[in-house]
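Heads up: the structure comes next, in structure tokens.
The values are calculated or read from the model by the stated rules, or taken from the named source; none is laboratory data. Since the structure is predicted, the reported quantities are computational estimates derived from the model, not experimental observations. Because the Cβ atoms are built from the backbone with ideal geometry, glycine has one as well, and the counts that use them run over all protein chains shown. Surface areas here come from the heavy atoms of the whole protein model, side chains and all, with no ligands, DNA or RNA. Shrake-Rupley method; radii C 1.70, N 1.55, O 1.52, S 1.80 Å.
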Amino acid sequence: MSAKVIDGKAFAAKVREQVAEHVQTLTSKHGVKPGLAVVLVGEDPASQVYVRNKGKQTVEVGMNSFEHRLPADTSEETLIGLVRQLNESPDVHGILVQLPLPSHLDSDLVINTIAPEKDVDGFHISNVGLLGTGQKSMAPCTPLGCLMMLREELGSLSGLNAVVLGRSNIVGKPMAQLLLRDSCTVTIAHSRTKDIEAVSAAADIVVAAVGRPEMVKANWIKPGATVIDVGINRVDAPELGTKEDGSPKTRIVGDVAYDEVAKVAGAITPVPGGVGPMTIACLLANTLTAYCRANDLPEPTGLTA
Ligand code: NDP
């Protein structure tokens, strides 16, 4: 058996298209465009790439993109002041502070300063609590993207056994909450879980978010299960040759040993091209949702948790 490959790139394009259609209709009726403000502190190269992509895709779906780039030595007071200013701005419907922040800044404090209704990353403690209690919240983008792909692939998730590998605040825990909300029977596994292979092999759905290259092997997967690989790990790839400095070239792999697991699973997301593209698409979906809520408009169907 060979698993169906879940094409995250194509699905993300479809989500962006839906967002763009809504934006066009809403903007022509209401005048004001949805706006997303992204705040980047420092020069982290990976963050710079993310922020550039976010800005580009925001504009492509017809929204306003506001980028705020601050130096690495920005004070907490200045950053909090900017967030407060964005909270008050009627043109800004979503605010994202790119993480990680430089170590002298308190990320929790900064994130919890964002107005919860503009917290399109879903990391504000109010949104975490609302999600955990099954109330209307803003769901974090990566788990929301995973949920959308699972719903698209499997239809109703009700009653399915789901195992989430990883318990971080940004992926594992909210993923588990979203699956629970869709009536899965959810197990969260982590570095202290005993016999994790057997726990994983009992699941209809496995979401891997451990940050360990190709940790999940074929014997971790029940035949026919759906496997969502959140992991993004850079590993040496000497088979690709060497860089100018003589060190081996690198490639990106997921948390799942793709080739062997694809022989057992019913469906699987590749890395790259699986969960990754869905994350920004869901950020745009969340910004649209925030705009609709701010203007007492019906929320877009299929784009929320
Ligand atoms: P964290 O490092 O915050 O959390 C990793 C989790 O995995 C922890 O709960 C840890 O357990 C668990 N874990 C680590 N090693 C093992 C092990 N050997 N066995 C079982 N559990 C283990 O990572 P994130 O949640 O932030 O990210 C996970 C992965 O997803 C990373 O590769 C990251 O790059 C990727 N990612 C991808 C995104 C995307 O857009 N596609 C977005 C965000 C993340 P414990 O708590 O016990 O230490």
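Among the residues of segment 227-235, is there at least one that is of a type in the set (Asp, Glu), within 14 Å of the ligand (Cβ to nearest atom) and closer than 30 Å to Gln18 by Cα?
Step one: list which residues in segment 227-235 are of a type in the set (Asp, Glu), which gives 229.
Filter once more, keeping what is within 14 Å of the ligand (Cβ to nearest atom): 229.
With the extra rule that they be closer than 30 Å to Gln18 by Cα, the set shrinks to 229.
Among the residues of segment 227-235, at least one is of a type in the set (Asp, Glu), within 14 Å of the ligand (Cβ to nearest atom) and closer than 30 Å to Gln18 by Cα, which makes the answer yes.
Matching residues to (1) touching a helix residue (DSSP H, G or I) at 6+ places or on another chain (Cβ under 8 Å); (2) at pLDDT 95 or above; (3) surrounded by 24 or more Cβ atoms within 10 Å (Cβ to Cβ):
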| residue | (1), (2), (3) |
| --- | --- |
| Ser247 | no, no, no |
| Ala257 | yes, yes, no |
| Val261 | yes, yes, yes |
| Ile268 | yes, yes, yes |
| Ile280 | yes, yes, no |
| Thr287 | yes, yes, yes |
| Ala290 | yes, yes, yes |
| Arg293 | yes, yes, no |
| Thr304 | yes, no, no |
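Pairs meeting the criteria (first residue in segment 1-15 and open to solvent by less than 80 Å² (accessible area, probe 1.4 Å), second residue hydrophobic (A, V, I, L, M, F, W, C) and part of a loop (DSSP other than H, G, I, E, B), beta carbons under 6 Å, at least 6 apart or on different chains) are Ala3/Ala262; Ala3/Ala265. Among all residue pairs at least 6 apart or on different chains, which show Cβ distances below 7 Å where the first residue, located in segment 164-181, is without any contact (Cβ under 8 Å) to a residue 12 or more places away in the chain and over 19 Å from Leu130 (Cβ atoms) and the second is near the ligand (Cβ under 9 Å from one of its atoms) and among the charged types (D, E, K, R)? Going by the 7 Å Cβ cut-off, there are no qualifying pairs.
Under 8 Å by Cβ, and 6 or more places apart or on different chains, what pairs join a residue from segment 257-281 that is of a type in the set (Lys, Arg) with one that is modelled with pLDDT under 95 and part of a loop (DSSP other than H, G, I, E, B)? Pairs found: Lys263/Met1; Lys263/Ser2.
Of everything listed in (1) loosely packed, with under 15 Cβ neighbours inside 10 Å; (2) within 21 Å of the chain's Cα centre (by Cα); (3) part of a strand (DSSP E or B), the single unmet condition for Val235 is (2). Evaluate segment 239-250: report whether one residue or more is within 15 Å of the ligand (Cβ to nearest atom), part of a strand (DSSP E or B) and on the phi < 0 side of the Ramachandran plot. There is at least one residue in segment 239-250 that is within 15 Å of the ligand (Cβ to nearest atom), part of a strand (DSSP E or B) and on the phi < 0 side of the Ramachandran plot.
The set of residues in segment 19-76 being in a helix (DSSP H, G or I), within 20 Å of the chain's Cα centre (by Cα) and farther than 29 Å from Asp106 by Cα consists of Val19, Ala20, Val59, Glu60.
When restricted to residues that are among the small types (Gly, Ala, Ser) and open to solvent by less than 10 Å² (accessible area, probe 1.4 Å), segment 87-133 contains 2.
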